[in-house]
1. If I go through region 61-78 residue by residue, how many of them are farther than 15 Å from Leu42 by Cα, polar (S, T, N, Q) and open to solvent by 40 Å² or more (accessible area, probe 1.4 Å)?
2. Which of (1) modelled with pLDDT of 90 or more; (2) under 25 Å from Asp4 (Cβ atoms); (3) open to solvent by less than 60 Å² (accessible area, probe 1.4 Å); (4) not aliphatic (A, V, I, L, M) does Phe99 not meet, given it meets every other one?
3. Could you name every one of the helices (runs of 4 or more DSSP H) located completely within region 1-75 that has at least 2 residues being over 22 Å from Met87 (Cα atoms)?
4. If I filter region 31-55 down to residues being in contact (Cβ under 8 Å) with a residue 12 or more places away in the chain and polar (S, T, N, Q), which single residue comes out as most open to solvent (accessible area, probe 1.4 Å)?
5. Which number in (1) at pLDDT 95 or above; (2) open to solvent by 70 Å² or more (accessible area, probe 1.4 Å) marks the one condition that Lys86 misses?
6. If Glu58 meets every condition in (1) on the phi > 0 side of the Ramachandran plot; (2) surrounded by fewer than 17 Cβ atoms within 10 Å (Cβ to Cβ); (3) in contact with a Leu (Cβ under 9 Å, 6 or more places away or on another chain) apart from one, which number is that one?
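The values are calculated or read from the model by the stated rules, or taken from the named source; none is laboratory data. Please read these numbers as outputs of a predicted model, since none were measured by experiment. Don't worry about glycine lacking a Cβ; one is built from the backbone with ideal geometry, like all the others, and counts go over all protein chains shown. Just the protein is used for accessible areas: all its heavy atoms, side chains included, with ligands, DNA and RNA removed. Shrake-Rupley method; radii C 1.70, N 1.55, O 1.52, S 1.80 Å.
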Amino acid sequence: MASDIRLTGPTLKVIGQMLSAPMDGLSGAEISKATGISSGTLYPILFRLERAGWLNSEWEEGDPSNMGRPRKRLYQLTSSGAEKSKMAFHDLAPSIGRFVWES
């Protein structure tokens, strides 16, 4: 399992969004809407982050026929992924700025 991820602009947007995500995770559609990243770019990023151990994902619980829609795949940062994400942003942060998750 690869541990290093190439931190492109879109990848930084995704991990930034994941750092401010609720504990129950975000769907790809929610990440796409929040970041403005199209699905053709987003899902390969999510796949690489999950393969590298930065993210976990699981299907939302519930019966699609009862929910009236397909189940969502929910993504969450792993503890290692959260640590690596914060370190990546720390290296990029201006000395006077702070990120939401540091307050």
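1. Here the count works out to 2.
2. (1)
3. Because the criterion is at least 2 residues that are over 22 Å from Met87 (Cα atoms), the helices (runs of 4 or more DSSP H) in region 1-75 that meet it are 28-35, 39-51, 64-67.
4. Thr41
5. (1)
6. (1)
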